[in-house]
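K.L.:
Input: one structure, supplied below.
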Amino acid sequence: MSNPQMPGPQSPRPQLLNPMELFDLSGKIALVTGGSRGLGREMVLAFARAGADVVVASRKLDTCVQTAAEVEALGRRALAHACHVGSWSDVDALVDAAYAHFGRIDILVNNAGMSPLYPSLDAVSEALWDKVFAVNLKGPFRLSALVGSRMQAGRGGSIINVSSIAAERPGPSETPYAAAKAGLNAITMAFSQAYGPSVRVNAIQAGPFLTDISKAWPEGIEQYLAARASLGRAGRPDEIVGTALYLASDASSFTTGAIIRVDGGQK
């Protein structure tokens, strides 16, 4: 007579994947805004090395073409497309071009951003405010709405928003930017609910990285930021890649609505 307290036969344990297979993007199509330089370029090339074909979008077509050529040199397909993400019509045209060329998008990275300098808060013009919100928030909202709805109707996918530590720790020199990135965090969580379960939506909350933009930082700011970081330095552009690959791939299959800090431990 069987003992009801004893467990019955166990089904065979499924074979575990090689961990590297979790990060494989073979057969995937990625679209990266701000993809021709800085963190965007690093993500574009990382996705291509992981097997994805990539749409490279930024304002300047010539730099998009250069980065697309690097993708093709890695044996992947690429589409270069000029787009000002602060323009609703440009965003619509970008999505139409990407779907016409590749037929779908599996990974969307809203990376394009801007944070213009200004002398004081009372000197922030309406034009500057509108421009910062258009690029950092309006564009990602429209792209996520268009691409996310198509992902949901199709094979699903992953949307990655590149936010900033300024969203949680704003300073007076970046107030419009910080407010827009806080909005980006909010739509990250909202879109994860709207398009789940087949579409995952997450954000990378980036700290200071030594991209070409950092060359315009005021004197002494790098040392100041390094002193505030647990790791004692700003990030190298390639150090965004690990988190981006995680969120783009099946490695993060149970992660959505998350805002992940990649900031060197800013205090």
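K.L.:
For residues that are acidic (D, E) and over 21 Å from G139 (Cα atoms), scanning just the stretch 65-103, find the one that is surrounded by the fewest Cβ atoms within 10 Å (Cβ to Cβ). Before the answer, list the steps.
P.N.:
Initial filter on the stretch 65-103 (acidic (D, E)): 70, 72, 90, 92, 96.
If we keep only those that are over 21 Å from G139 (Cα atoms) too, we end up with 70, 72.
Values: E70: 17, E72: 14.
Within the stretch 65-103, the match that is surrounded by the fewest Cβ atoms within 10 Å (Cβ to Cβ) is E72.
K.L.:
Only one residue in R200, R233, R228 is modelled with pLDDT of 90 or more and of a type in the set (D, E, K, R), so which one is that?
P.N.:
Answer to the selection: R200.
K.L.:
Return the total of residues in the stretch 38-75 being of a type in the set (D, E, K, R) and under 22 Å from S249 (Cα atoms).
P.N.:
Total satisfying the criteria: 6.
K.L.:
Within the stretch 168-197, count every residue that is at pLDDT below 95 and either over 21 Å from G34 (Cα atoms) or among the hydrophobic types (A, V, I, L, M, F, W, C) (or both). Break it down stepwise before answering.
P.N.:
Let us first name the residues in the stretch 168-197 that are at pLDDT below 95, namely 168-174.
Those still in the list that are either over 21 Å from G34 (Cα atoms) or among the hydrophobic types (A, V, I, L, M, F, W, C) (or both) too: 168-173.
Qualifying residue count for the region: 6.
K.L.:
Here is a list: A180, A167, A145. Which entry is among the hydrophobic types (A, V, I, L, M, F, W, C) and surrounded by fewer than 20 Cβ atoms within 10 Å (Cβ to Cβ)?
P.N.:
On the way: A180 fails: surrounded by fewer than 20 Cβ atoms within 10 Å (Cβ to Cβ); A167 fails: surrounded by fewer than 20 Cβ atoms within 10 Å (Cβ to Cβ).
The unique qualifying residue is A145.
K.L.:
Which one of these is in a loop (DSSP other than H, G, I, E, B), modelled with pLDDT of 95 or more and hydrophobic (A, V, I, L, M, F, W, C): L79, L25, L17?
P.N.:
L25
K.L.:
Follow-up question, since we're still on this one. Would you confirm whether or not the stretch 204-218 contains a residue that is part of a strand (DSSP E or B), touching a helix residue (DSSP H, G or I) at 6+ places or on another chain (Cβ under 9 Å), crowded, with 21+ Cβ neighbours inside 10 Å and modelled with pLDDT of 95 or more?
P.N.:
yes
K.L.:
Can you tell me which residue is surrounded by the most Cβ atoms within 10 Å (Cβ to Cβ) among those in the stretch 229-240 that are out of contact with any Lys or Arg (no Cβ under 9 Å at 6 or more places or on another chain) and not acidic (D, E)?
P.N.:
I240
K.L.:
Take Q152 and tell me if it is among the polar types (S, T, N, Q) and either without any contact (Cβ under 8 Å) to a residue 12 or more places away in the chain or part of a helix (DSSP H, G or I) (or both).
P.N.:
In short, yes.
The values are calculated or read from the model by the stated rules, or taken from the named source; none is laboratory data. Treat the numbers as computed from the prediction; the structure is a model and nothing was measured. Positions of Cβ are backbone-derived with ideal geometry, glycine not excepted, and every protein chain shown enters the neighbour counts.
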